[in-house]
1. Could you work out what % of the accessible surface of segment 45-160 is carbon and sulfur, using a 1.4 angstrom probe and leaving DNA, RNA and ligands out of the count?
2. Reported to two decimal places, what Rg/Rh ratio describes the chain when computed on Cα atoms with Rh from the Kirkwood expression?
3. Which lysines have a Cα lying under 23 Å from the Cα of K123, excluding residues fewer than 8 positions away in the same chain?
4. Taking 7 Å along the Cα-to-C-beta vector as the label spot, tell me the L190-R264 distance in nanometres, rounded to one decimal.
5. Between beta-carbons, use under 10 Å as the cut-off and find the net charge around F42, counting Lys and Arg +1, Asp and Glu -1.
6. How do E82, E151, E29 rank by accessible surface area computed with a 1.4 Å probe, from largest to smallest?
7. GNM, the chain, Cα, under 10 Å: largest mean-square fluctuation among I101, I220, I152?
8. Add -39500 (n - 2.57) for each DSSP H run of 4 or more in the chain, then divide by its residues: what number comes out at 222 nm, to the nearest 500 deg cm²/dmol?
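The values are calculated or read from the model by the stated rules, or taken from the named source; none is laboratory data. These numbers were taken from a predicted model, which means no experiment stands behind them. A quick note on method: Cβ atoms are made from the backbone with ideal geometry, for glycine too, and the neighbour counts reach across all protein chains shown. To get the accessible areas, we keep the full protein, side chains included, count just its heavy atoms, and leave off ligands, DNA and RNA. Shrake-Rupley method; radii C 1.70, N 1.55, O 1.52, S 1.80 Å.
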Amino acid sequence: AKEQGRNNFQFFSEEMNHSILEHLAIEKEINEAIERNQFTLFYQPKISLFDYRTTGVETLIRWQHPDKGIITPDNFIPVAEETGQIIDIGNWVLEQACRQISSLIRKNIMPADAKVAVNLSAKQFTDPDLAGRIRNVLEITEIPPRCLELEITESTLMDDVEAAIRIMQEIKSTGVSIAIDDFGTGYSSLSYIKRFPIDVLKVDRSFVMDIPDDKNDMAITAAVIAMAHKLDLNVVAEGVETDEQLQYLRLNNCDEGQGYLFSRPLSLGQLHQYLVISAER
Ligand code: C2E
Ligand code: CA
Ligand code: CA
Ligand code: CA
């Protein structure tokens, strides 16, 4: 039994070493990526479904890896969240996005009433320095507070609802707006939604995706839009890919849409071009 126990232990510890080593390797690579400026920001336009004007952009991080090419966030944000590196990365994203979009606004390339949205991870959300950091970024990048929006997932907010409301109130006191991201995938009870000091609700792509084939998803999407409007919230549909989805969303008075039908996420240079062309139309 002793023998077997040792074998078990060895097997187990090898497995652990493997995952810990892998983890450490990614952690080390992320540190190098930060030092070597390998992170870059893409921006995906959000479109008004009433007049098709661009109402803003969502900031999406990419990792330009020297050997592996462009790595999308799902492949490193979860590790960075675990190691705590997300705080450094997130602060960099916030400042860089505000700097780049502030410059486009000052050059009159980005409409002055448009917003730049930045995703906030759970760790960033509970960082006690968050509100101070937002104030600092607004000041140094000279972006008007009304031009910045923070996207926070429903699940981040449901961890500790009372604490979340307090943090959201602090964020709101800086003048920036708050969107609930991936709405419908978490477990928020509707009684909390009305207590959250939020401005925008983003309907998760999983509901939009199967319009018009899935009648349940269609019903949920329509109900979420109606509810959000009753609560005075703006509604953005994520992942709009087809004209049928667009028509259904318009029929149900969804305010804005975001998705490949309108535009893929764009590099800063591509966004610049996109804004110039859409202003000419
Ligand atoms: P998300 O916040 O839900 O962002 C939307 C994702 O959907 C993006 O994936 C975007 O490229 C993709 N998308 C947009 N339109 C369509 C469409 O029509 N069809 C399909 N199939 N996909 C569409 P991406 O850029 O790979 O980002 C994935 C997730 O990574 C984001 O989901 C967000 O949770 C996270 N993320 C991205 N950038 C950051 C960041 O700077 N900080 C943090 N904390 N998380 C980030
Ligand atoms: Ca988002
Ligand atoms: Ca989302
Ligand atoms: Ca989503």
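1. 48 percent
2. 1.02
3. List returned: K28, K172, K202.
4. Between L190 and R264, the label points sit 3.9 nm apart.
5. Every neighbour counted, the sum reads +1.
6. Numbers: E82 130, E151 0, E29 55 Å².
The residues order as E82, E29, E151, largest area first.
7. Checking each option, the largest mean-square fluctuation is seen for I220.
8. The helix-only estimate for the chain comes to -15500 deg cm²/dmol at 222 nm.
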